[in-house]
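Novice: Structure incoming, see below.
Read the figures in this text as sums done on the coordinates, not as results from a lab. Being a predicted model, the structure only gives us computed values, none of them experimental. For neighbour counting, all protein chains shown are included, and Cβ atoms are generated from backbone atoms with ideal geometry for every residue, glycine included.
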Amino acid sequence: MNGQERFIAALKCEPVDKLPCHWHGPEPAGLYIKQLKDFLDRDDNPELEQCFEISPIGDLTMTNWYSRGTSTDIGIGAGGIGFPAVYYNRKKNWFYTTEEAKTLPVEERNFTISMTGNIRQYGYQLGKPGERPAKYWWEIGKFFDGDDSLERFNAFYNEFGHPWEGKIDPGSDSIKYARARIKDFKEYGFPHAVEGHAPNHFEAIWGGFGAATLAKLSRTKPGVLKDICKKFEKVCLTIEQAHLEAGHQIISTGDDLGQKDRSLVSPKVYHEFFFPALKSRCDLAHKYGAVIWMHSCGFIEELLGDFLEAGLDGLQSLEVPAGNDLARIRAKVRDKMCLIGGIDSSRVMTFDTPAECDAHVKKQIKNATWLDGASLDSGYIPGPAHDLLDTPFANVQAVIKAIGKYCTCPIH
């Protein structure tokens, strides 16, 4: 099987020759990325040389390094809905208008409001006038939070445009470019899977309104909240359809829905307000014959029924320290959903030894693939649950080797 076939089959819980894997990137503020840079800067590096490969879609060396012994997934974008840069006025707790932004000095541009109302701060780089600040965004607030949330919501989008009215031309250059890259990689043999994207929904609304305001709206103005949810659902579907038009057969989406030991909202609230958008994302993918998986941090076992009802093919993160148990989840979802991730990057990979990382990977592969005393030989895509922050380099190497060692099917 090639990488594309393997990833799709695993998401469908169909037999595979070996389990594919999925890795998040290194966290730019952590210690692991510094160790990784030292590794990459070595003059003599036979480990990396064995993974060297230039493909029609670019350098696969690091992708091959992380996925030794199997294959993984790569994103190919196909465009999105344009939205202007919005700068946040901290003194007035408001936004700078389009006209005001034209004359802002660069030091006033390191506080921005995202398209979904999340207020973020860039790390401002002194001595580099005219440049945007550092890539890492620190969240500092929710622009739509508070008693005047709806007034702020309307003022913001009336000034900068309504993204839910945005459209993507099926003949756009971005879709043509993505279609061409997918075709080239297919002809190259798909050593790894390629996937498109659908934006998050709950997380976008949560990011703009915050927990308290969202809870208040769900109780006092449920119709208004449903209308807001429907607006952002259109954004999700518009961008997802662009990726499907480009020819993607795998769609990834995301919504962080959990905290430690419980979900961020009650299952009742999730089902009433946010479930419809997940089902729409799944229905659209399946209409095109594609599969769809979702990243969701925290404890998500309370919401598994909704994920299954929506038709979600795969669920990623499965954060162990949050209380998720792969064996328990497998028993609940049976062979109807692929489990992705589940390797504890927060504790085991950060604080344990390489040998303990190896044993943890072996255990999690069995927990995720065994049902009623027998192996599914599919339905699991191992990998760290999250980005790698302060992970010792030796532990990353141990997990890479363990996945390659234990992923071959049939699983014993």
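Novice: Can you grab the distance from the C-alpha centre of the stretch 197-257 to the C-alpha centre of the stretch 45-68, Å, no decimals?
Specialist: 35 Å
Novice: Name the trypsin sites (Lys or Arg not before Pro) in the stretch 232-294 that are in a loop by DSSP and that have at most 11 other C-beta atoms within 10 Å, would you?
Specialist: Here the trypsin sites (Lys or Arg not before Pro) that fit, given the DSSP loop and packing criteria, are K260.
Novice: Once you have a ≥ b ≥ c as the square roots of the Cα gyration tensor eigenvalues for the stretch 207-350, tell me rounded if a/c is under 1.5, and otherwise prolate or oblate according to whether a/b is larger than b/c.
Specialist: Here the stretch 207-350 falls in the oblate category.
Novice: Here is a follow-up. Please figure out what share of the DSSP beta bridges in the stretch 186-326 is antiparallel and state it in percent, rounded to the nearest 5.
Specialist: 15 percent
Novice: Starting from the exponent 0.38 and prefactor 2.2 Å, build the expected Rg for the stretch 1-94 from its residue count and divide its actual Cα Rg by it.
Specialist: 1.55
Novice: Turning to a different aspect of this structure: Rounded, prolate or oblate: pick one for the chain, where a ≥ b ≥ c are the square roots of the eigenvalues of its C-alpha gyration tensor, a/c under 1.5 means rounded, and failing that, prolate if a/b is larger than b/c, else oblate.
Specialist: prolate
Novice: So for the chain, averaging the separation of alpha carbon pairs under 8 Å that are six or more residues apart and normalising by length, what relative contact order in percent results?
Specialist: 22 percent
Novice: Hey, can you grab everything whose amide H is under 5 Å from the amide H of Q259? Only 5+ residues off in sequence or another chain; H modelled, so Pro and N-termini drop out.
Specialist: Distant-sequence amide H within range of Q259: L264, F299.
Novice: ³J(HN,Hα) across the stretch 321-337 via Karplus (A = 6.51, B = -1.76, C = 1.60, θ = phi - 60°), whole Hz, x for Gly/Pro?
Specialist: So the Karplus estimates, Gly and Pro as x, are x, 7, x, 6, 10, 4, 5, 5, 5, 4, 5, 7, 8, 6, 9, 9, 8 Hz.
Novice: Looking at the chain only, what percent of DSSP beta bridges run antiparallel? Nearest 5 please.
Specialist: Beta bridges within the chain, antiparallel portion: roughly 45 percent.
Novice: Per-residue ellipticity at 222 nm for the chain, helices alone: DSSP H runs ≥ 4 residues times -39500 (n - 2.57), over residue total, nearest 500 deg cm²/dmol?
Specialist: After summing the helix terms and dividing by the residues of the chain, the value is -12000 deg cm²/dmol.
Novice: If the cut-off is a Cα-Cα distance under 16 Å, which lysines reach K401, setting aside same-chain residues fewer than 8 apart in sequence?
Specialist: K18, K362, K363
Novice: Less than 14 Å from a label point 7 Å out along the Cα-to-Cβ axis of F351: which backbone N atoms in the stretch 377-402 qualify, by residue?
Specialist: Residues passing the 14 Å test: 390-392.
Novice: Can you spot the aspartates and glutamates whose alpha carbon is less than 20 Å from K221's alpha carbon? Ignore those fewer than 8 places along the same chain.
Specialist: Those aspartates and glutamates meeting the cut-off are D145, D147, D148, E151, E203, E233, E272.
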